[in-house]
Amino acid sequence: MRKLNNILVTGGAGFIGSNFIDYLFNKVSIKGKVVNVDKLTYAGNMENLEHINKKYGPSGENRYFFEKTDIVDYESLSKVFSKYDIDTVIHFAAESHVDRSIHGPKEFMETNIIGTFNLLEVVRKLWGDRKDVLFHHISTDEVYGSLDETGFFYENTPYDPRNPYSASKASADHIVNSYFHTYGLPITMSNCSNNYGPLQFPEKLIPIMINNMLEEKALPVYGDGLNIRDWLYVEDHCSGIWKIVNNGTIGETYNLGGENEWTNIDLLNHLCEIVAEKRDKEKDYYKKLITYVRDRAGHDRRYAINCDKIKSELNWKQSVTFDEGLDITVDWYLSNTSWIENIKTGEYKKWIEKNYN
Ligand code: NAD
Ligand code: DAU
């Protein structure tokens, strides 16, 4: 029986990680402790979890703890594990943006590969043969490569990563699997498609476009705009992870996706209309900002997930439609402009330096 008492979440200050920690406390009302291990890179934002820290942190219920730690630093990581009696690891921490990986792949290799390896080594030594523990690894559908107009990614689709980010994630996935086969470490893994929702860093497609509309800046579409992505609302990703962590079969991988494919240009046109309506502009107002720019190097053409396995084995399904999810997301960005402003002006950076260094 899995304990799930003391959960260590890596990358909990990022987009999905912070949504996940909120999900643990506010949606599934966990009873145990959560330790958030995050290096606070440009993508980590303590503001995302201020409300959690207030209620569940050391001056509240004392069940939420933050440790500013780099997973590439083995010694510091070991110290965190020896401070808390960790029985579950849910590993989100990563360099996550494809464009950045093209311009500077080194950090991707360090964090995504060596960081994952360090975590595995710490738990292998700490947990020994225990079977009441779990290492859940968060991965991406990008490891499967790129599809043409037809077909889907299945859990047994051969890996074919094509950019430094996806290659680093694929390497990490293989290492995680090797720890299951070689050492019997209890692991599960999930490979998910594109997430969207509140708290996503304004470098990814949906938030960058909303932000640029608000600033009346160009909306840069890579290539011909016909690349296809499958979009899943972030809370549905969180619920899928939680199902796997509770009931997933040890050693297994589960695909997660929205079954919701859009070309980038169709999605952008749709988003332009949603933002225009919410800001009392005429329907096509923001579309004039759409600008075709040079394509991303090695741009994967299409991602599409088959997620029948988690649906049938673990009774998971998406609960938020794309219309509902986009509505919530756009509303969130429109009413949290200071969140983006803090990121852009460096206020946030100063805040971290003052409080966490
Ligand atoms: P993000 O970039 O928003 O957040 C990453 C977090 O990891 C940040 O808080 C950052 O500070 C932290 N981090 C980075 N390097 C670290 C290090 N060396 N040590 C400790 N912490 C470090 O990423 P995200 O979009 O929330 O993605 C989270 C995970 O989900 C990643 O593993 C990513 O590959 C995977 N994923 C993301 C998506 C998506 O659409 N965003 C889809 C499928 C899978
Ligand atoms: O599929 C899962 C992956 O989804 C995750 O593993 C990654 O961490 C996450 O970043 C995301 O990768 P993508 O490269 O698909 O996401 P991004 O938002 O960067 O781009 C989505 C699509 O939009 C892609 O085809 C590139 C295009 N794009 C993106 C940006 C930022 C543009 O046309 N213009 C842009 O400005």
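Only the coordinates and a few stated rules stand behind these numbers; no lab work does. The structure presented is a predicted model; accordingly, all values stated were derived computationally and were not measured. Every residue, glycine as well, gets a Cβ built from its backbone with ideal geometry; the counts of neighbours run over all protein chains shown.
The one condition from (1) without any contact (Cβ under 8 Å) to a residue 40 or more places away in the chain; (2) within 15 Å of ligand 1 (Cβ to nearest atom); (3) closer than 29 Å to ILE250 by Cβ; (4) not small (Gly, Ala, Ser) that VAL80 does not meet is (1).
Only one residue in ILE138, ILE113 is touching a Phe, Trp or Tyr at 6+ places or on another chain (Cβ under 6 Å) and in contact (Cβ under 8 Å) with a residue 24 or more places away in the chain, so which one is that?
ILE138
Would you check if ILE241 is touching a strand residue (DSSP E or B) at 6+ places or on another chain (Cβ under 8 Å), assigned to a helix (DSSP H, G or I), within 12 Å of ligand 1 (Cβ to nearest atom) and closer than 24 Å to ASN342 by Cα? No. Is there a residue in segment 183-200 that is surrounded by 20 or more Cβ atoms within 10 Å (Cβ to Cβ), more than 16 Å from ligand 1 (Cβ to nearest atom) and over 30 Å from VAL89 (Cα atoms)? Checking segment 183-200: not a single residue is surrounded by 20 or more Cβ atoms within 10 Å (Cβ to Cβ), more than 16 Å from ligand 1 (Cβ to nearest atom) and over 30 Å from VAL89 (Cα atoms). Looking only at segment 265-291, residues that are hydroxyl-bearing (Ser, Thr, Tyr), surrounded by 14 or more Cβ atoms within 10 Å (Cβ to Cβ) and within 16 Å of ligand 2 (Cβ to nearest atom) come to 1 in all. Answer with yes or no whether LEU24 is over 20 Å from the mean Cα position of the chain (by Cα), surrounded by 18 or more Cβ atoms within 10 Å (Cβ to Cβ), within 16 Å of ligand 1 (Cβ to nearest atom) and not in a loop (DSSP other than H, G, I, E, B). No, not satisfied.
For every residue, the table says whether it meets (1) farther than 18 Å from ASN264 by Cβ; (2) among the aliphatic types (A, V, I, L, M); (3) in contact with a strand residue (DSSP E or B) (Cβ under 9 Å, 6 or more places away or on another chain).
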residue	(1), (2), (3)
GLY184	yes, no, no
ASN191	yes, no, yes
ASN195	no, no, yes
LEU199	yes, yes, no
PRO202	no, no, no
TYR222	no, no, yes
LEU226	no, yes, yes
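Among all positions in segment 148-163, there is at least one residue which is under 28 Å from TYR42 (Cα atoms) and in contact with a helix residue (DSSP H, G or I) (Cβ under 6 Å, 6 or more places away or on another chain).
Table: residues versus (1) more than 17 Å from LEU126 (Cα to Cα); (2) in contact with a Lys or Arg (Cβ under 9 Å, 6 or more places away or on another chain); (3) within 16 Å of ligand 2 (Cβ to nearest atom).
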| position | (1), (2), (3) |
| --- | --- |
| GLY17 | yes, no, yes |
| GLU47 | yes, no, no |
| GLU67 | yes, yes, no |
| VAL72 | yes, yes, no |
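For segment 50-96, the tally of residues that are outside any helix (DSSP H, G or I) and either over 27 Å from GLU142 (Cα atoms) or within 19 Å of the chain's Cα centre (by Cα) (or both) stands at 29. As a summary of the residue check, ALA167 satisfies the conditions (1) within 16 Å of ligand 2 (Cβ to nearest atom); (2) under 29 Å from MET46 (Cβ atoms); (3) outside any loop (DSSP other than H, G, I, E, B) except for the one numbered (2).
Among the residues of segment 170-198, the ones that are touching a Ser or Thr at 6+ places or on another chain (Cβ under 7 Å) and either farther than 25 Å from TYR42 by Cβ or within 14 Å of ligand 2 (Cβ to nearest atom) (or both) come to 10 in all. When LYS131, LYS217 are checked against the criterion of being within 27 Å of ASP99 (Cβ to Cβ), away from ligand 1 (no atom under 15 Å from the Cβ) and in contact (Cβ under 8 Å) with a residue 40 or more places away in the chain, a single residue qualifies: LYS217. Annotation: of all residues in segment 220-238 being among the acidic types (Asp, Glu) and within 16 Å of ligand 1 (Cβ to nearest atom), the one that is nearest to ALA304 (Cα to Cα) is ASP230. The lone criterion from (1) buried (at least 18 other Cβ atoms within 10 Å of the Cβ); (2) of a type in the set (D, E, K, R); (3) within 28 Å of ASP129 (Cα to Cα); (4) in contact with an Asp or Glu (Cβ under 8 Å, 6 or more places away or on another chain) left unmet by LYS39 is number (3). Of ARG162, ARG100, all but one fail to be part of a loop (DSSP other than H, G, I, E, B), within 16 Å of ligand 2 (Cβ to nearest atom) and basic (Lys, Arg); the exception is ARG162.
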